[in-house]
1. Just a yes or no: is a residue in segment 227-244 of a type outside the set (Asp, Glu) and in contact with a His (Cβ under 8 Å, 6 or more places away or on another chain)?
2. Which residue pairs have Cβ atoms under 7 Å apart, sit 6 or more places apart or on different chains, and have a first residue in segment 336-350 that is within 21 Å of ALA323 (Cβ to Cβ) and aliphatic (A, V, I, L, M) and a second that is assigned to a helix (DSSP H, G or I) and at pLDDT 95 or above?
3. Looking at this structure, is GLY40 in a loop (DSSP other than H, G, I, E, B), small (Gly, Ala, Ser) and either closer than 17 Å to LEU67 by Cα or without any contact (Cβ under 8 Å) to a residue 40 or more places away in the chain (or both)?
4. Are there any pairs, at least 6 apart or on different chains, whose C-beta atoms fall under 8 Å, with the first in segment 220-235 and farther than 21 Å from LEU85 by Cα and touching a residue at least 24 places away in the same chain (Cβ under 8 Å) and the second of a type in the set (A, V, I, L, M, F, W, C) and part of a loop (DSSP other than H, G, I, E, B), and if so, which?
5. Spot the failing condition for LEU249; the list is (1) outside any helix (DSSP H, G or I); (2) closer than 18 Å to THR53 by Cβ; (3) not β-branched (Val, Ile, Thr), and only one is missed.
6. Just checking: which of the strands (runs of 3 or more DSSP E) contained wholly in segment 170-235 hold 1 or more residues that are on the phi > 0 side of the Ramachandran plot, buried (at least 21 other Cβ atoms within 10 Å of the Cβ) and of a type in the set (Gly, Ala, Ser)?
7. GLU148 passes all but one of (1) in contact with a Pro (Cβ under 9 Å, 6 or more places away or on another chain); (2) under 30 Å from GLN254 (Cα atoms); (3) surrounded by fewer than 19 Cβ atoms within 10 Å (Cβ to Cβ); which number fails?
8. Restricting the search to segment 19-52, which residues are at pLDDT below 95 and either of a type in the set (Lys, Arg) or within 16 Å of ARG136 (Cα to Cα) (or both)?
Amino acid sequence: MTTFTHAGDFDVIVAGAGPAGLAAAALCAEQGLKTAIVTGPLDPFEKRHDPRTIALMRPSVRLLEHLGLFAPLKDVSNPLRKLRLVDDTGSLFSAPSVTFDAHDAGWDAFGWNIPLQNLHPALAAKAQELGVEFIRDSALGVGAERRELARVKLASGGELSAPVVLAADGRNSRIRGSAGMLMMRHDYDQVALGCFFSHSADHGDMSTEYHKPQGPFTTVPMPGNRSSLVWMVTPEKARAITGLSPGQLARRIQLESHGDLGKVSDTTELKSFPMQTMVAHDFAKERIVLVGEAAHAVPPIGAQGLNMSLRDAALAAELVGDAFAFGEDWGAEKVMNDYDRIRRRDVFPRKIAIHVVNTAMLTGFLPYQLVRAGAITLAANVPMIRDIVMRQGLAPSDEHVPRIMREEDLAAD
């Protein structure tokens, strides 16, 4: 058997040092691939204030456990044992509240809510520990000729080459654009506001997603009597909310959550993020693999975004690592096709479901409202439907989950 060799600078180049890119780089390096990550302008090792937390579901938690990162992050994180949906739209077709309990599925928790400001540097430190070379530069794109190697052009004027490039450089990915890989995009008349806050009542390890006319208002539990907030509203309403004093904001959060968390206080500064749905026409092509928001972006409904991105990272590392282990070309067309096929089957149904739910909140179109209310009502009243939602929506089947993120590997680790 002939073993694939190449004259590139690295075996794998990752562009972008967000959580998905760092996870992909760490998992590639762990398998013996000479891996570089082009960080972009931000320092991935720096702990910066970020009001966002990430609700990582069971497969994503298993990825962190595989890398030995979950234990050190546990003290700043909180289990998600219950997930509640509350119809607060006031629409003609209203759905009953429904609570999903992890114990009903035989689990201790659906996942854990982890502050992004802690997760990010932890992944960077692990990638460095595993031998990933950090290139403090920005990737401007890739060359057009990629028959044997992909060449990444750097802002400094240099160039790096490898048999495969994992593009994890965000929604406006320069790697994706230079490779001619197109994106389908839908902009919503929404922004997401995020902050942390304290409250007098016990959250009971429950995240609550209140469906409101302008989008979800979601509280997610943190250690102690503290929670994070993701609130989707129109840009006009967002400007009014960000103009509130801390005391006024606390009062507003208390009202929007119907006092379910008691008295609200100690709000942090609000940050805002524009809302879009984006999905690539091709997830992998000609030695370029799209990972994370370079491949897809969805509104923060149902905690799908980063969980899908980490599945991207783990699958890219798995397919590349398997080809490498067998002496095959890990940037070959078969690897690209397998990645595209597997990720497409996972991402597209979730993207469509999120778009329908979000649109149903924003529109007065009765059929949309009826579909949303009907789906929630079924989940509330039919145990089999509720079980499907829990197991496929929150913990996808093994068909869509890379090996290190599957149930059976938790015991093996």
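1. To start, the set of residues in segment 227-244 that are of a type outside the set (Asp, Glu) comprises 227-235, 237-244.
Next, only the ones that are in contact with a His (Cβ under 8 Å, 6 or more places away or on another chain) stay: 227.
Taking every residue of segment 227-244 in turn, at least one turns out to be of a type outside the set (Asp, Glu) and in contact with a His (Cβ under 8 Å, 6 or more places away or on another chain).
2. Sorted first by the residue in segment 336-350, then by its partner, the pairs are ILE342/LEU315.
3. Details: in a loop (DSSP other than H, G, I, E, B): yes; small (Gly, Ala, Ser): yes; either closer than 17 Å to LEU67 by Cα or without any contact (Cβ under 8 Å) to a residue 40 or more places away in the chain (or both): no.
No: the conditions fail for GLY40.
4. Filtered contacts from segment 220-235: PRO223/VAL76.
5. Unmet condition: (1).
6. Details: elements: 183-199, 206-212, 215-222, 226-233.
Ranges flagged: 215-222.
7. Tallying (1) in contact with a Pro (Cβ under 9 Å, 6 or more places away or on another chain); (2) under 30 Å from GLN254 (Cα atoms); (3) surrounded by fewer than 19 Cβ atoms within 10 Å (Cβ to Cβ), GLU148 fails exactly one: (2).
8. GLY40, PRO41, LEU42, ASP43, PRO44, PHE45, GLU46, LYS47, ARG48, ARG52
The values are calculated or read from the model by the stated rules, or taken from the named source; none is laboratory data. Computed from a prediction, not measured in an experiment: that's the story for all the values here. FYI the Cβ positions are ideal-geometry reconstructions off the backbone, even for glycines, and counts take in every protein chain you see.
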